[in-house]
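Below is one structure, written out as structure tokens; the observations come after it.
The values are calculated or read from the model by the stated rules, or taken from the named source; none is laboratory data. This one's a predicted model, so the numbers in the text were calculated from it and none came from an experiment. Ideal geometry is used to build each Cβ from the backbone, glycine not excepted, and the neighbour counts take in all protein chains shown. All accessible areas refer to the heavy atoms of the entire protein, side chains included, with ligands and DNA or RNA removed. Shrake-Rupley method; radii C 1.70, N 1.55, O 1.52, S 1.80 Å.
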Amino acid sequence: MQVPYDSPPITDDSEIIGLRAAAEELGVHYMTAYRYVRLGTLPAQKVGGTWQVRLDDLRALSSRAAPQHGPGGIRWSPYRTHLLDRLIAGDEPAGWSLIEQALVSGAPAKDIHLELMVPVLQDIGDEWAQGSIDITAEHRASTVAVRLVGRLGPSFARRGRKLATIVIGAAAGDYHSLPLAIFGDIIRGEEFAVLDLGPNTPPASFVQSAQTHDDTIAVAISVGSDETLDAARRTADLLHEQVPNIHVFIGGPAITSEHDARNLGADEYGATALDVARLCIELVAGTKR
Ligand code: B12
């Protein structure tokens, strides 16, 4: 296996340490240390079948990781600043390195979405709305974000039996696939099967998909812009008419309150993806009031 290794080859035996000892020094499991090596976060070299690590590299990693941890967990603000900058620059490799750095520092994939990606995307939207970045930069940034979110996607796969199926899609005319991808990952991570119809979904396709799997409990209609509010309303109406036993959620960037969602025909409302997942767990368990 090729491991990125920027430092010169290890020549001085007094300065090196085996990977198992390095793991102990860092206070992590051997497999975690191996993951650091695999990601290139901890430079290492295979010598005679064992991984060897330079003490200087180990100390550098410890000091980099230290300020990110704290009683409250990772300090997200430097990550957010850096990711915002890299997205606007259209720099996928640096954006991905940053995400790997956060994963290595112990952040679960769910937090990468909710604490890092979502706030940064909201900032990008605000900067566009205020005119500090133009539409070209917004497109460049969202294209990189789509790729980063896609790379993180497999981390949300769960083995075994699913609690139920949830159909998700963006209203007809709505091209915001990113909120949907993030939303779907979080729901998938909470052990639901997700049937993601993507952006610009015709109302009839929501209905058809809701009728496909017997264990479908909910349909979530994502609304990314005010232009597609009517389409969301039409979709909810059709669902109520044709699959009346299904719970309809309406949310996404253009829905800012429960009142708005219910006005469009939502049966249920969750402000964040995790709220929606919690509500669906209650619906499955029959404990929702
Ligand atoms: C990326 C982006 C784009 C990209 C989309 C690329 C893609 N593949 O998705 C492009 C450049 C194409 C685009 C286009 C447009 N966009 Co745009 N876009 C954004 C941006 C910056 C990020 C979207 C995102 O991923 N957000 C992150 C999500 C995950 O955050 P979130 O909403 O908080 O999500 C949480 C919850 O909503 C929930 N959730 C998500 N989905 C669902 C679904 C359900 C059912 C539920 C219950 C919950 C739920 O889970 C999430 C996590 O907890 C937003 C800014 C923003 N504030 O979101 C603007 C934003 C959504 N866009 C906006 C606008 C106006 C447009 C355009 C009309 C003009 C433009 N900017 O070019 C067009 C619309 C095109 C169309 N017809 O769809 C406005 C919408 C305002 C409004 N109320 O109408 C925003 C808010 C920017 C702003 N501040 O003004 N956009």
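Measuring nothing but protein heavy atoms, the accessible surface of the chain at 1.4 Å probe radius is 50 percent carbon and sulfur.
By a 1.4 Å probe calculation restricted to protein chains, residue 192 has an accessible surface near 0 Å², given to the nearest 10. Round to a whole angstrom and tell me the spacing of the C-alpha centers of region 88-129 and region 245-289. Here the answer is 26 Å between Cα centres. Taking label positions 7 Å along the Cα-Cβ direction at both residue 139 and residue 240, the computed distance is 3.8 nm, reported to one decimal. For residue 195, nonlocal amide neighbours, meaning residues 5 or more places apart or on other chains whose placed amide H falls under 5 Å from its own, are 166, 167, 168. Accessible surface for the chain, divided over its residues, is 51 Å² per residue with a 1.4 Å probe. Taking 0.36 nm per residue of sequence separation and removing the Cα-Cα distance, the residue 151/residue 47 pair yields an extension gain of 34.3 nm. Sorted largest first by accessible area at a 1.4 angstrom probe radius, with every protein chain in place, the residues 51, 128 fall in the order 128, 51. In the elastic network of the chain, a GNM with C-alpha springs shorter than 10 Å, the most mobile of 213, 247, 176 is 213. For the pair residue 96 and residue 62, a Förster radius of 22 Å applied to the C-beta separation gives a FRET efficiency near 0.45, rounded to the nearest 0.05. Just check region 141-289 against the gyration tensor rule for me: Cα atoms, a ≥ b ≥ c as the square roots of the eigenvalues, rounded for a/c under 1.5, and otherwise prolate or oblate depending on whether a/b exceeds b/c. Note, shape of region 141-289 comes out rounded. Label positions at residue 81 and residue 287, each projected 7 Å from the Cα along the C-beta direction, are separated by 4.2 nm.
For the pair residue 271 and residue 111 in one chain, pulling the backbone fully straight at 0.36 nm per residue adds 56.0 nm over the alpha carbon distance. Calculated mean residue ellipticity, 222 nm, the chain: -15000 deg cm²/dmol, from DSSP H runs (n ≥ 4) at -39500 (n - 2.57) each, averaged per residue and rounded to 500.
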